[in-house]
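Student: Got a structure for you, questions after.
The values are calculated or read from the model by the stated rules, or taken from the named source; none is laboratory data. All values derive from a computational prediction rather than experimental measurement. As a convention, Cβ positions derive from the backbone with ideal geometry for all residues, glycine included, and neighbour counts pool all protein chains shown.
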Amino acid sequence: MRRSTIRRMVAVSTVLATGVSLAALPATQAGAGDHRPWRVVASGLDSPRGLTFGPNGTLYVAEAGTGGTDPANCFPHPLGELCFGATGAVTQVTKHGRQQRVLTGLPSFSLTDTPEVFGPSDVAYADGRLLVTLGLGADPAVRDPLPAPAQLAASLISANPKKGIFRVVADIGDYELANNPDGGLPDSNPQGLLATRHGQVVADAGGNALLGIGKHGQITTLAVFPTRLVPNPFGGPDIPMQAVPTTVTRGPDGALYVGQLTGFPFPVGAANVFRVVPGQAPKVVAGGFTNIIDIAFGPDRALYVLEIAHNGLLSGDTTGALIRIDKHGNRKLIASTGLMMPTGVKIRDGRAYISNCGVCADVGEVISLKLPRH
């Protein structure tokens, strides 16, 4: 667990070192000249991540925020300092296009000298309330000396979008400290979220585990994703690569499906989609992807896989990709040009809604892409 997210930030730093200024490049510029029918649904977002739809077609977007700048709220990190600020949010976009933040003041952690931010990661709508995973990407113990809002990090919260009031449903960080499902160094970074009739399912990217959360907030481990050996990009013996599960959804067959980012060295083609049945070991059902950040099923039972970096996080190329796998296993690249570090996808009414420029402050967007007929 655990150095996976840190090394992902190394990758982002590598991108910066190549001269690409992510924070200064709007997603619309990245898509300039693309022939696909892009439509901007929301703009001016701070690191947009997961998406969900509520009643009447209302779209909700988790914004990881911009972290903080107060040195008193920073703590040591292998790549510098991680700084807390209450800048995370959830934005609502009505079907008429009205955009507003309905939740603000959520914890956000920025790493100095890179655009990487941990904060609100995914959002779901259930029974008139929003459910939001709050990322951390560090040992949950770092929360202890920080201001009160920081204590919400590494947790699942429930919120009333009309009143902006929220409560903690489950403290995933505490569960990591007490149980440590994968047995590595303590690290929790709740990401992908699925709301079900019986509770919620959360992919903890830091903990390399899939967690179930009951109606009363009790947490159980549904699956642990193993570390595997991969070639060392610098030569020498193979090195362990962690799984880093980032997303979870329900498949047409009722099973859970999980996509993995992979940890360092983020090999091209090494990311898998797992099928998970609680009580059984995760099974790889689709492989050959690179740095999966989100997945979603369409009404035709096709699986859409979103890659945050199509050529790998160490390539210096910020281009992502959306790939469709039909029910027969056939694959097709749906979009790549114009996707710059995309971080979330939802399929609705024949369109893919994608959080684009998911590491960008102020210029992150949600775009809508008409899916081709098959």
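Student: Looking for something at pLDDT 50 or above, farther than 23 Å from G135 by Cβ and touching a strand residue (DSSP E or B) at 6+ places or on another chain (Cβ under 6 Å) - is there at least one such residue anywhere in the stretch 22-38?
Tutor: Yes: the stretch 22-38 contains one or more residues that are at pLDDT 50 or above, farther than 23 Å from G135 by Cβ and touching a strand residue (DSSP E or B) at 6+ places or on another chain (Cβ under 6 Å).
Student: Here are the criteria: (1) buried (at least 21 other Cβ atoms within 10 Å of the Cβ); (2) closer than 21 Å to D294 by Cβ; (3) in contact with a Gly (Cβ under 7 Å, 6 or more places away or on another chain); (4) of a type outside the set (A, V, I, L, M). Tell me which single one S110 does not satisfy.
Tutor: Of the numbered conditions (1) buried (at least 21 other Cβ atoms within 10 Å of the Cβ); (2) closer than 21 Å to D294 by Cβ; (3) in contact with a Gly (Cβ under 7 Å, 6 or more places away or on another chain); (4) of a type outside the set (A, V, I, L, M), the odd one out for S110 is (2).
Student: In the list D187, D174, which residue meets the criterion of being in contact with a helix residue (DSSP H, G or I) (Cβ under 8 Å, 6 or more places away or on another chain) and without any contact (Cβ under 8 Å) to a residue 40 or more places away in the chain?
Tutor: Within the list D187, D174, the selection yields D174.
Student: Taking A86 as the residue in question, decide whether it is of a type in the set (A, V, I, L, M, F, W, C), surrounded by fewer than 22 Cβ atoms within 10 Å (Cβ to Cβ) and modelled with pLDDT under 95.
Tutor: No.
Student: Examine the stretch 277-295 for a residue that is part of a loop (DSSP other than H, G, I, E, B), at pLDDT 95 or above and within 18 Å of the chain's Cα centre (by Cα), and state whether such a residue exists.
Tutor: Yes, that holds for at least one residue.
Student: So, in the stretch 336-361, exactly how many residues are touching a strand residue (DSSP E or B) at 6+ places or on another chain (Cβ under 8 Å), closer than 19 Å to D300 by Cα and assigned to a loop (DSSP other than H, G, I, E, B)?
Tutor: The number of residues fulfilling the criteria is 1.
Student: In the stretch 157-187, what residues are in contact with a Phe, Trp or Tyr (Cβ under 8 Å, 6 or more places away or on another chain), part of a strand (DSSP E or B) and either at pLDDT 95 or above or surrounded by 15 or more Cβ atoms within 10 Å (Cβ to Cβ) (or both)?
Tutor: Result: I157, S158, A159.
Student: Give me the pairs: first residue in the stretch 217-228 and on the phi > 0 side of the Ramachandran plot, second residue in a strand (DSSP E or B) and modelled with pLDDT of 95 or more, beta-carbon distance under 7 Å, and six or more apart or on different chains, which are they?
Tutor: Listed by first residue and then by second, the contacts come to G217/V169; G217/A170.
Student: Filter the stretch 98-107 for residues that are surrounded by fewer than 23 Cβ atoms within 10 Å (Cβ to Cβ) and in contact (Cβ under 8 Å) with a residue 24 or more places away in the chain and give the result.
Tutor: Scanning the stretch 98-107 gives Q99, R101, V102, T104, G105.
Student: Only one of P140, P115, P76 is without any contact (Cβ under 8 Å) to a residue 60 or more places away in the chain and closer than 21 Å to Q191 by Cβ. Can you tell me which?
Tutor: P140
Student: If you take the residues of the stretch 188-197 that are surrounded by 16 or more Cβ atoms within 10 Å (Cβ to Cβ) and of a type outside the set (G, A, S), which of them is nearest to G254 (Cα to Cα)?
Tutor: Residue satisfying both the conditions and the ranking: L194.
Student: Can you say whether L130 is farther than 19 Å from C357 by Cβ, buried (at least 19 other Cβ atoms within 10 Å of the Cβ) and under 21 Å from the mean Cα position of the chain (by Cα), as far as the supplied structure shows?
Tutor: When the stated conditions are applied, L130 passes them.
Student: Right, something else. Hey, can you tell me all the residues within the stretch 215-255 that are of a type in the set (S, T, Y) and more than 17 Å from G288 (Cα to Cα)?
Tutor: T220, T221, T249
Student: Which one is modelled with the lowest pLDDT among residues in the stretch 315-331 that are assigned to a loop (DSSP other than H, G, I, E, B) and buried (at least 21 other Cβ atoms within 10 Å of the Cβ)?
Tutor: If we take residues in the stretch 315-331 being assigned to a loop (DSSP other than H, G, I, E, B) and buried (at least 21 other Cβ atoms within 10 Å of the Cβ), then T318 is modelled with the lowest pLDDT.
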